[in-house]
Amino acid sequence: MATVPLISDDAASAEVLAVFDDIRAVRGTDYVNNFWRALANDPALLAATWERLKEVMGPGELDPLVKEMLYIAVSVANGCEYCIHSHTAAAKAKGMSAKQHGEMLSVIGMAMQTNGLVTAMQVPVDEVFEV
């Protein structure tokens with residue numbers, strides 16, 4: 001259950017509706033998900049987060065699918081169920097295959113295991129790895 005109201009279009013201010021409309025236009029959909037509707041309780045935070053997300057997840061040196069897969073990995077590490085689901089759906093929409101999904105999950109699991117081991121043993125960083 002959300003700790004804040006999810007702002008409907010009917011209850012949204014003009015400022016919030018402008019962001020919702022941009023979300024719809026950029027994503028080519030009529031749907032505005034619950035994350036944005038929760039953020040709409042703070043219109044300035046909603047606008048700032050949407051602008052930053054468009055910049056970070058927009059065109060760049062990384063392929064859009066790679067960006068979504070990275071988002072999934074970080075969301076798993078942070079335990080964000082909502083983000084895992086929403087970015088898995090986005091990755092699938094961008095062409096992530098079942099085999100890619102499985103391989104990504106294997107990498108996430110391996111990284112979590114080795115991160116835990118190296119942290120538990122407090123292994124010092126090799127000089128050749130230091131920048």
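Only loop residues by DSSP count here, and only those with at most 14 other Cβ atoms within 10 Å; note down the GluC sites (Glu not before Pro) in region 1-85 that meet that.
Answer in residue order: Glu61.
Say the dipole of region 15-131 comes from +1 at the beta carbon of Lys and Arg and -1 at that of Asp and Glu; which of Asn34, Leu62, Thr114 then lies farthest toward its positive end?
Asn34
On a 0 to 90 degree scale, rounded to 10, what angle separates helix 14-27 from the longest Cα axis of the chain?
Helix 14-27 and the main axis of the chain meet at about 60 degrees.
Specify which residue in the list Gly102, Ser86, Ile7 is farthest towards the positive end of the charge dipole of the chain, using unit charges on the beta carbon of Lys, Arg (+1) and Asp, Glu (-1), about the Cα centre.
Gly102
Between Phe129 and His101, 0.36 nm times their residue separation minus their Cα-Cα distance comes to what?
Full-extension gain reported as 7.2 nm.
Rule-of-thumb check for the chain: C-alpha Rg over 2.2 N^0.38 Å?
1.30
Please state the charge dipole magnitude for the chain, taken about the Cα centre, from unit charges on C-beta atoms (+1 on K and R, -1 on D and E), reported in debye and rounded to the nearest 20.
In total the dipole reaches around 420 debye.
Under 12 Å Cα-Cα from Lys54, which aspartates and glutamates qualify once same-chain neighbours fewer than 8 residues away are excluded?
Partners found: Asp22.
May I ask you to derive the FRET efficiency for Gln113 and Asn33 from their Cβ-Cβ distance with R0 = 22 Å, giving the value to the nearest 0.05?
For R0 = 22 Å, the calculated efficiency reads 0.10.
Within region 25-131, which chymotrypsin sites (Phe, Trp or Tyr not before Pro) sit in a loop by DSSP and count at most 10 neighbouring Cβ atoms inside 10 Å?
In loop regions of region 25-131 (DSSP not H, G, I, E or B), the sparsely surrounded chymotrypsin sites (Phe, Trp or Tyr not before Pro) are Tyr31.
For region 13-82, what is the charge dipole size about the Cα centre, in debye to the nearest 20, if Lys and Arg each add +1 at the Cβ and Asp and Glu each add -1 at the Cβ?
80 debye
Please list His101, His85 in order of solvent-accessible area, largest first, computed with a 1.4 Å probe with all protein chains present.
His85, His101
The values are calculated or read from the model by the stated rules, or taken from the named source; none is laboratory data. Because the structure is a prediction, the values reported are computed rather than measured. For neighbour counting, all protein chains shown are included, and Cβ atoms are generated from backbone atoms with ideal geometry for every residue, glycine included. Ligands, DNA and RNA are excluded from the accessible area calculation, which covers all protein heavy atoms including side chains. Shrake-Rupley method; radii C 1.70, N 1.55, O 1.52, S 1.80 Å.
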